[in-house]
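Please read the structure below before turning to the comments.
The values are calculated or read from the model by the stated rules, or taken from the named source; none is laboratory data. This one's a predicted model, so the numbers in the text were calculated from it and none came from an experiment. We place every Cβ from the backbone using ideal geometry, glycine too, and count neighbours over all the protein chains shown. Protein only, heavy atoms only, side chains kept; ligands, DNA and RNA dropped before computing areas. Shrake-Rupley method; radii C 1.70, N 1.55, O 1.52, S 1.80 Å.
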Amino acid sequence: MPSTFKYVPLVLALLLPAGVPSAFADDKAAAAAVTNEDGKYFDAEGSPTFKIAEDGTVDWYTYSGYRRFNSECFVCHGADGAGSSFAPVLADSLKVLTYGEFLQIVAEGRKNLTAGKESVMPSFGNNKNVYCYLDDIYVYLRARAVGDLPRGRPAKKEEKPQAAKDHETSCMGG
Ligand code: HEC
């Protein structure tokens, strides 16, 4: 086989328009935490994920994401990601969005013109209160989507890891 053929799948993957629905489906098994790096949990694919103990204690990032989401995103997406008349129910969206897609949409924003009605997701790429906490918001919404995390402020949380403090200082200060 000519050597150029081995690049075809890669090129096709890069050419797929962002709007094409992916076959990705998240669930509890896929989101299961398999590694823990200083209080931050990751799934088997290496994407950040939540950890909810049997007594309801959530990992720090899920708790932090709850707070960030409900200060920066809820005005449009509804408290706890439950949706509104003009922005999607993110507690459902995260069942089909990959981590990479989530990051891209939040960083770049998205504009959708359907039947003459404009629907705009703003870009948060320049908002430190969002981009310094993107993983936090992601794992919180992932927990809402596939982790049975109830609405409202999680009652119990793990202590804030040193890594979270360090990241916050460098990201917010820089
Ligand atoms: C000013 C209102 C507004 C704010 C604030 C807002 N969004 Fe959105 N968002 C929207 C709208 C409207 C859409 C749907 C855009 C479309 O139709 O393509 C959307 C879409 C999304 C999507 C894609 C959902 C899907 O099902 O494809 C994600 C993810 C998202 N927003 C995350 C966030 C996060 C995280 C925040 C907070 C950091 C946020 N949004 C804040 C209005 C908003």
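Using θ = phi - 60° in the Karplus curve 6.51 cos²θ - 1.76 cosθ + 1.60, the 3J(HN,Hα) couplings for segment 152-158 round to x, 6, x, 5, 10, 9, 5 Hz; x is entered for Gly and Pro. From the cross-link list LYS128/LYS156; LYS51/LYS111; LYS117/LYS157; LYS28/LYS157; LYS95/LYS128, which pairs have alpha carbons spaced over 30 Å apart? The answer is LYS51/LYS111; LYS117/LYS157.
A simple spin-label model places pseudo-atoms 7 Å from Cα toward Cβ; at GLU158 and PHE74 they are separated by 2.4 nm. Atom-type composition of the exposed protein surface of the chain places 57 percent of the accessible area on carbon and sulfur (1.4 angstrom probe). Accessible surface comparison of ILE137, ILE52, probe 1.4 Å, protein chains only, largest first: the order is ILE52, ILE137. For segment 66-77, backbone phi angles converted through the Karplus equation (6.51, -1.76, 1.60; θ = phi - 60°) give residue-by-residue couplings of 4, 5, 5, 4, 7, 10, 9, 10, 5, 4, 9, 8 Hz, Gly and Pro being listed as x. Using just its DSSP H runs of length 4 or more, each adding -39500 (n - 2.57), the chain gives a mean residue ellipticity at 222 nm of -11000 deg cm²/dmol after division by all residues. Measuring from each cysteine beta-carbon in the chain, the ones with no other cysteine beta-carbon under 4.7 angstrom are CYS73, CYS76.
Residues whose amide H falls under 5 Å from that of ARG110, counting only those 5 or more places apart or on a different chain, are MET121, with hydrogens built in the peptide plane.
Each residue of segment 133-148 is assigned a 3J(HN,Hα), and the resulting list reads 10, 4, 5, 4, 5, 4, 5, 4, 5, 5, 5, 5, 6, 10, x, 6 Hz, derived from the Karplus form 6.51 cos²θ - 1.76 cosθ + 1.60 (θ = phi - 60°), x at Gly and Pro.
If you model the chain as an ellipsoid using its alpha carbon gyration tensor, with each semi-axis the square root of five times an eigenvalue, the axes come out at 28, 22, 17 Å, biggest first. For segment 83-174, the solvent-accessible area of protein heavy atoms averages 58 Å² per residue (probe radius 1.4 Å; ligands and nucleic acids excluded).
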